[in-house]
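Encoded as structure tokens, the structure appears first; notes follow it.
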Amino acid sequence: MRERSLTEIITMSTPVEPGSNNVLLQVTDLRKYFPVRRGLMATVRGHVKAVDGVSFEIRRGETLGLVGESGCGKTTTGRSILRLIEPTGGEVLFNGSPVLHLADEELRKIRKQMQIIFQDPYGSLNPRMTVGGIVMEGLIAHGMYSRAERIERAQALLARVGLDPEHFYRYPHEFSGGQRQRIGIARALAVEPQFIVCDEPVSALDVSIQAQIINLLSDLKREFGLSYLFIAHDLSVVEHISDRVAVMYLGKIVEQTTSEELFRNPLHPYTKVLLASVPSLETREEKRHVIEGDIPSPLHPPPGCPFHPRCPEAMDICRTEVPTTIQHADGHSVACHLYTMDVAPVRPGN
Ligand code: SF4
């Protein structure tokens, strides 16, 4: 009998060309508020609005980079979409199915198509399970394939992500951070997902390893027609993998456009300072601490534009009026008073 190739073993959904106007994920006005309790009676004293009215869409075969400083709500956004935490409100449509309203069994089925790669390659793998057991866990949970096929598939996936199929029998503590992240990627791929939330998948890795993992994720996206929500705090990390980028600040998206347009023509002052803090490729010189001040507490956000206490271009109106999101050109949206003249507001989801 003819020996099957790796690609034949790792069957996946049909690849789709990036840019096809075929929406896979539609997120509209997503909100996640965490109650803040104080006192003996644990009375609710307020809410931390970790995600506050976030809207975007991801087309088939597309990567949306979601960028912002730590604590801006990007990880909460990713986990709310997958319902790893329950959102407070909003709408998430995946292939047209309303994810936030699905009952347990329907949610379990759709989760097979929506996977996550975690930030921490050390904490996200069960140290008591073999690598093979970790990669096959989802296949067993979803009743996919026979036992022999699961083993064959897991070993083929390990080879595809750059590991040795013999690593199947070893344990996570025997691997480096980069290798563990490859195990996490194989685990996410095992159940043939269409969409993966990559939650800061390289931020815990050395710079040289980061490039390898980003290249691997790019190759897998093309090969299997995957769509990613790629979360990072550093714009340089998302530049090459993202088709479009959304910049998040204090629970809200403040700018969203194609990757090329964002790097060529950033509009929002926060995006500009994020770009200015990207290390120079030529000199590898770190340009940190460019952004003045700390990100404000989401429990007590500043009035008006939440970025105004740190904004080098703040005006009087910024201290009192929340800027509306406006469409600048060709889908380039921005929430900033500098661009509110003579332009119509954008509906959530645009
Ligand atoms: Fe800066 Fe004002 Fe724009 Fe906010 S609205 S980013 S404070 S210029």
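The values are calculated or read from the model by the stated rules, or taken from the named source; none is laboratory data. From a predicted model like this one, the values you see are computed outputs, not experimental measurements. Every residue, glycine among them, receives a Cβ derived from its backbone with ideal geometry; neighbour counts consider all protein chains shown. Ligands, DNA and RNA are excluded from the accessible area calculation, which covers all protein heavy atoms including side chains. Shrake-Rupley method; radii C 1.70, N 1.55, O 1.52, S 1.80 Å.
Of all the residues that make up the stretch 290-308, how many are within 24 Å of the chain's Cα centre (by Cα) and of a type in the set (A, V, I, L, M, F, W, C)?
Counting residues in the stretch 290-308 that are within 24 Å of the chain's Cα centre (by Cα) and of a type in the set (A, V, I, L, M, F, W, C) gives 4.
Note down all Cβ pairs under 6 Å where the first residue falls in the stretch 302-314 and is open to solvent by 30 Å² or more (accessible area, probe 1.4 Å) and more than 6 Å from the ligand (Cβ to nearest atom), the second is in a loop (DSSP other than H, G, I, E, B) and at pLDDT below 95, and they're at least six residues apart or on different chains.
Every condition considered, the pairs that remain are P309/P302.
In the stretch 289-301, how many are without any contact (Cβ under 8 Å) to a residue 24 or more places away in the chain, closer than 25 Å to H47 by Cβ and within 13 Å of the ligand (Cβ to nearest atom)?
So the answer is 1.
Would you confirm, using the coordinates I've provided, whether R111 is open to solvent by 30 Å² or more (accessible area, probe 1.4 Å) and modelled with pLDDT under 95?
Spelling it out, R111 is indeed open to solvent by 30 Å² or more (accessible area, probe 1.4 Å) and modelled with pLDDT under 95.
So the check is Cβ under 6 Å with 6+ separation or different chains; which pairs have a first residue in the stretch 254-275 that's away from the ligand (no atom under 15 Å from the Cβ) and a second one that's not in a loop (DSSP other than H, G, I, E, B)?
Filtered contacts from the stretch 254-275: T257/H332; T258/R244; S259/V245; E261/H332; L262/V245.
I'm checking my understanding of the structure. Among residues of the stretch 315-330 that are touching a residue at least 40 places away in the same chain (Cβ under 8 Å) and surrounded by 17 or more Cβ atoms within 10 Å (Cβ to Cβ), which one is nearest to the ligand (Cβ to nearest atom)? Write out each step before concluding.
Going residue by residue through the stretch 315-330, those that are touching a residue at least 40 places away in the same chain (Cβ under 8 Å) are 325, 328, 330.
Checking which are surrounded by 17 or more Cβ atoms within 10 Å (Cβ to Cβ) leaves us with 325, 328.
Details: T325: 11, H328: 13 Å.
Result: T325.
Which residue is nearest to E62 (Cα to Cα), if the candidates are limited to the stretch 26-51 and must be aliphatic (A, V, I, L, M) and open to solvent by 60 Å² or more (accessible area, probe 1.4 Å)?
We begin by selecting, within the stretch 26-51, every residue aliphatic (A, V, I, L, M); these are 27, 30, 36, 40-42, 44, 48, 50-51.
So of that shortlist, the ones also open to solvent by 60 Å² or more (accessible area, probe 1.4 Å) come out as 40-41, 44.
Working: L40: 49, M41: 47, V44: 40 Å.
Going through the qualifying residues, I end up with V44.
Which condition number in (1) open to solvent by 40 Å² or more (accessible area, probe 1.4 Å); (2) within 22 Å of A190 (Cβ to Cβ); (3) at pLDDT below 95 is the one that P121 fails?
In the conditions (1) open to solvent by 40 Å² or more (accessible area, probe 1.4 Å); (2) within 22 Å of A190 (Cβ to Cβ); (3) at pLDDT below 95, P121 misses (1) alone.
Look at L250 and say whether it is on the phi > 0 side of the Ramachandran plot, among the hydrophobic types (A, V, I, L, M, F, W, C), open to solvent by less than 20 Å² (accessible area, probe 1.4 Å) and touching a residue at least 40 places away in the same chain (Cβ under 8 Å).
Criteria met by L250.
Would you check which residues across the stretch 29-51 are at pLDDT 95 or above and touching a Leu at 6+ places or on another chain (Cβ under 8 Å) and list them?
V51
Given the structure, is A154 outside any loop (DSSP other than H, G, I, E, B), more than 24 Å from R128 (Cα to Cα) and not basic (K, R)? Quick ask: steps written out before the conclusion?
Values: outside any loop (DSSP other than H, G, I, E, B): yes; more than 24 Å from R128 (Cα to Cα): no; not basic (K, R): yes.
No.
Going through the stretch 52-76 one residue at a time, which ones are more than 28 Å from V273 (Cα to Cα) and open to solvent by 10 Å² or more (accessible area, probe 1.4 Å)?
Initially, the stretch 52-76 is screened for residues more than 28 Å from V273 (Cα to Cα), giving 59-61.
R59, R60 - these are the residues of the stretch 52-76 that are more than 28 Å from V273 (Cα to Cα) and open to solvent by 10 Å² or more (accessible area, probe 1.4 Å).
Assess whether R79 counts as being at pLDDT 95 or above, basic (K, R) and open to solvent by less than 60 Å² (accessible area, probe 1.4 Å). Walk me through it before giving the result.
Values: at pLDDT 95 or above: yes; basic (K, R): yes; open to solvent by less than 60 Å² (accessible area, probe 1.4 Å): no.
Spelling it out, it is not the case that R79 is at pLDDT 95 or above, basic (K, R) and open to solvent by less than 60 Å² (accessible area, probe 1.4 Å).
Within the stretch 160-214, which residues are open to solvent by 40 Å² or more (accessible area, probe 1.4 Å) and β-branched (V, I, T)?
V207, I209
Given the criterion closer than 30 Å to G96 by Cα, without any contact (Cβ under 8 Å) to a residue 60 or more places away in the chain and part of a helix (DSSP H, G or I), identify the matching residue among E166, E137, E149. Give the derivation first.
On the way: E166 fails: closer than 30 Å to G96 by Cα; E149 fails: closer than 30 Å to G96 by Cα.
Result: E137 is the single residue among E166, E137, E149 that is closer than 30 Å to G96 by Cα, without any contact (Cβ under 8 Å) to a residue 60 or more places away in the chain and part of a helix (DSSP H, G or I).
Kindly provide the set of residues from the stretch 70-96 that are touching a Gly at 6+ places or on another chain (Cβ under 7 Å) and aromatic (F, W, Y), ordered by number.
Once the filter is applied, which keeps residues that are touching a Gly at 6+ places or on another chain (Cβ under 7 Å) and aromatic (F, W, Y), the stretch 70-96 yields nothing.
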